[in-house]
Amino acid sequence: MTNDQKQCLLRYLGYYTEDVDGIWGADSKAATKDFQHDNGLAEDGVFGNATKKKILEHIAAGTGFKKVESKSTSLNWWTDIKYFTRDEFKCKCGGKYCKGFATEPQEKLIRVADIIRKNLGGAATVTSGVRCTRHNANVGGVSNSRHLSGKAMDFSIKGKTADQILAEVQKHPEIRYAYKIDSKHVHMDIA
């Protein structure tokens with residue numbers, strides 16, 4: 001199993017939150033130790049056979065997702081968002097592979113999206129927000145898709161062409177990358 005695959009598995013369960021880069025550094029070891037701690041395994045940060053077996057068991061059963069304590073306080077910024085709700089960014093697998101949020105949508109992305117929606121004036125439709133690893137693979141997403149870390153979204157705005165949306169998106173320095181998907185939909189992501 002490659003380091004990329006190990007990071008993807010840990011990310012899917014909510015333990016690894018960094019970009020999948022194939023480098024088994026401090027973040028990968030810490031995520032592994034965290035998983036091992038929660039599952040009664042030796043906490044050595046080594047992704048060995050026992051850790052691999054336990055992770056694959058959890059993924060097959062749809063269990064083992066990292067429990068995040070007091071998440072509600074860290075999500076209070078959603079109350080400032082005027083044009084979007086958290087649920088609009090839920091993984092589109094419909095609960096088939098995850099519980100909707102393999103990771104959280106990033107605040108910076110949502111705040112920029114809110115401004116873009118306000119500036120363009122039409123109702124927005126999020127066609128892809130957060131993705132779990134399996135759904136991302138099923139829709140042909142790249143293995144390091146920013147959707148996996150809550151840093152990307154695909155969307156349309158009623159009454160606007162993709163060219164009009166993209167022109168507005170490109171005005172915002174927080175946006176790392178953006179492109180037209182088709183004549184109505186745009187992808188954008190943050191650093």
For segment 71-190, what is the Kirkwood hydrodynamic radius in Å, using each pair of distinct C-alpha atoms?
14.4 Å
Most mobile listed residue (D80, D114, D154) in the chain, GNM with C-alpha springs under 10 Å:
D80
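At 222 nm, what helix-only mean residue ellipticity would the chain give, in deg cm²/dmol to the nearest 500, using -39500 (n - 2.57) for each DSSP H run of four or more?
That comes out to -10500 deg cm²/dmol.
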For the chain, set up a GNM with springs between Cα atoms under 10 Å and report which of R11, R146, R176 has the largest fluctuation.
R176
Please report, in debye to the nearest 20, how large the charge dipole of segment 133-191 is about its Cα centre when each Lys and Arg carries +1 at its beta carbon and each Asp and Glu carries -1 there.
80 debye
Gain in span if fully extended, K66 to I81, counting 0.36 nm per residue against the direct Cα distance
2.8 nm
Taking 7 Å along the Cα-to-C-beta vector as the label spot, tell me the T17-K53 distance in nanometres, rounded to one decimal.
3.1 nm
Diffusion constant of segment 5-164 at 37 °C, which comes from Stokes-Einstein with the Kirkwood Cα-pair radius and 0.692 mPa s, µm²/s:
195 µm²/s
Which residue fluctuates most in the GNM of the chain (Cα springs below 10 Å): L148, L13, L166?
L166
Taking the Cα centre of the chain as the origin, how large is its charge dipole in debye, to the nearest 20, when only Lys and Arg (+1) and Asp and Glu (-1) carry charge on their Cβ atoms?
500 debye
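Every number in this text was worked out from the coordinates using simple rules, so none of it is lab data. What you see is a predicted model, and the numbers here were worked out from it, not measured in a lab. Note: ideal-geometry Cβ built from the backbone for every residue, glycine included; neighbour counts use all protein chains shown.
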